[in-house]
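**Q** A single structure is presented below for examination.
The values are calculated or read from the model by the stated rules, or taken from the named source; none is laboratory data. Here the structure is a predicted model, which is why all the values come from computation and not from measurement. All Cβ positions, glycine included, derive from the backbone under ideal geometry; neighbour counts span all protein chains shown. For the accessible areas, the whole protein counts, side chains as well, though only heavy atoms, and no ligand, DNA or RNA atoms are used. Shrake-Rupley method; radii C 1.70, N 1.55, O 1.52, S 1.80 Å.
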Amino acid sequence: MFNIGDHVAALDEDISGVVKEVKKDQVLVETSDGFLMTFFVNELIKMDKSSKLDVFNSGMTLDAVLKEKELPKKRSFVKEKRSRKDEFVLEIDLHIEKLVPSKRGMSNYDILTVQMETAQRQIEFAIKNRIPRIVFIHGVGEGILKAELDFLLGRYDSVVFQDADYQKYGLGATAVYFKQNANR
C-alpha cells in the first residue's frame, strides 16, 4: 500500500508529506513543515511527483479532492424587490391618428367621441382583466381631451389617476391606478 519515501496527503486535513515508517494500519508521515504525524492508512492518499492522485486512477488533482471535501457554502437567496416602475403598464395613445385610418371628414366632436369611447373600452378592459395600471397618452393641445378623460375617470370608484411620469411622457399623459378587490 504505502512505502517509505512515498509522497502522501491527508484526506480530511491540509497536510502533505513523505512516508517515514509503515506499521500495519498506521503510517508515520513527515509533513512538509517538518513535523512527524501518525495517520491511519484510510486517512491518506498517495501522490506522484506531479501531485496527481494515484487513487483509483481518478486523474483528479489534490486540490480538486480537497475542494470536494470542503463543506459547501450556504447559498443566500435574496429576493429581489421589484419597484412599481418595473411592472407591466398598458399604454393607450389617444391621438386620433393612432385610432382611425383617416380622420378626413371627421368633426372635432366625432374625433373626441372616438377618443373617449376608446378610453372607456380600455378602462373596462383593465378592470375586467385586473390590470393594475394604465397610461393614457392624450397630448398637451388645448386640454379638452384631458378634461373629458378626467371627467370619465372621476365616474369610477375603483380608480385613482394623476399626471403620468413627466420624464417619460411629459405633460401629455395621465396615469390611472385601479384598486383591486380580492373578492371580485
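**Q** Would you point out the residue of segment 8-23, among those that are acidic (Asp, Glu) and either more than 23 Å from Lys67 (Cα to Cα) or surrounded by 12 or more Cβ atoms within 10 Å (Cβ to Cβ) (or both), that is modelled with the lowest pLDDT?
**A** Residue satisfying both the conditions and the ranking: Glu13.
**Q** Among residues belonging to segment 114-142 that are outside any helix (DSSP H, G or I), open to solvent by less than 30 Å² (accessible area, probe 1.4 Å) and not β-branched (Val, Ile, Thr), point out the one that is farthest from Leu171 (Cα to Cα).
**A** Phe136
**Q** Can you find even one residue in segment 91-113 that is touching a Leu at 6+ places or on another chain (Cβ under 6 Å) and surrounded by 13 or more Cβ atoms within 10 Å (Cβ to Cβ)?
**A** Restricting attention to segment 91-113, the residues satisfying the condition of being touching a Leu at 6+ places or on another chain (Cβ under 6 Å) are none.
No, because not a single residue in segment 91-113 is touching a Leu at 6+ places or on another chain (Cβ under 6 Å) and surrounded by 13 or more Cβ atoms within 10 Å (Cβ to Cβ).
**Q** While we're looking at this one, here's another question. Any residue in segment 161-180 that's touching a residue at least 40 places away in the same chain (Cβ under 8 Å) and on the phi < 0 side of the Ramachandran plot: show its pairings with residues that are open to solvent by less than 70 Å² (accessible area, probe 1.4 Å) and hydroxyl-bearing (Ser, Thr, Tyr) at Cβ separation under 7 Å, as long as the two are six or more apart or on different chains.
**A** As it stands, the answer is Phe178/Ser158, since those pairs meet every condition given.
**Q** Within segment 24-36, how many residues are over 22 Å from Lys67 (Cβ atoms) and open to solvent by 30 Å² or more (accessible area, probe 1.4 Å)?
**A** So the count comes out to 8.
**Q** Is at least one residue of segment 65-87 within 20 Å of Gly143 (Cα to Cα) and either open to solvent by less than 100 Å² (accessible area, probe 1.4 Å) or at pLDDT below 90 (or both)?
**A** The answer is no, given that none of the residues of segment 65-87 is within 20 Å of Gly143 (Cα to Cα) and either open to solvent by less than 100 Å² (accessible area, probe 1.4 Å) or at pLDDT below 90 (or both).
**Q** To continue, here is another question. I'd like the residue in segment 24-41 that is at pLDDT below 90 and among the charged types (D, E, K, R) and, out of all such residues, is nearest to the chain's Cα centre (by Cα).
**A** Asp33
**Q** While we're here: How about segment 143-166: which of its residues are modelled with pLDDT under 90 and open to solvent by 50 Å² or more (accessible area, probe 1.4 Å)?
**A** Listed by number, the residues that qualify are Asp157, Asp165, Tyr166.
**Q** Those residues that are touching an Asp or Glu at 6+ places or on another chain (Cβ under 6 Å) and either over 12 Å from Leu44 (Cβ atoms) or among the basic types (Lys, Arg) (or both), I need them from segment 1-24; list them, please.
**A** Hit for segment 1-24 is Lys20, nothing else.
**Q** State all residues of segment 1-51 that are assigned to a strand (DSSP E or B), within 16 Å of Asp63 (Cα to Cα) and touching a helix residue (DSSP H, G or I) at 6+ places or on another chain (Cβ under 8 Å); if no residue qualifies, say none.
**A** Ala9, Ala10, Ser16, Ile45, Met47 - these are the residues of segment 1-51 that are assigned to a strand (DSSP E or B), within 16 Å of Asp63 (Cα to Cα) and touching a helix residue (DSSP H, G or I) at 6+ places or on another chain (Cβ under 8 Å).
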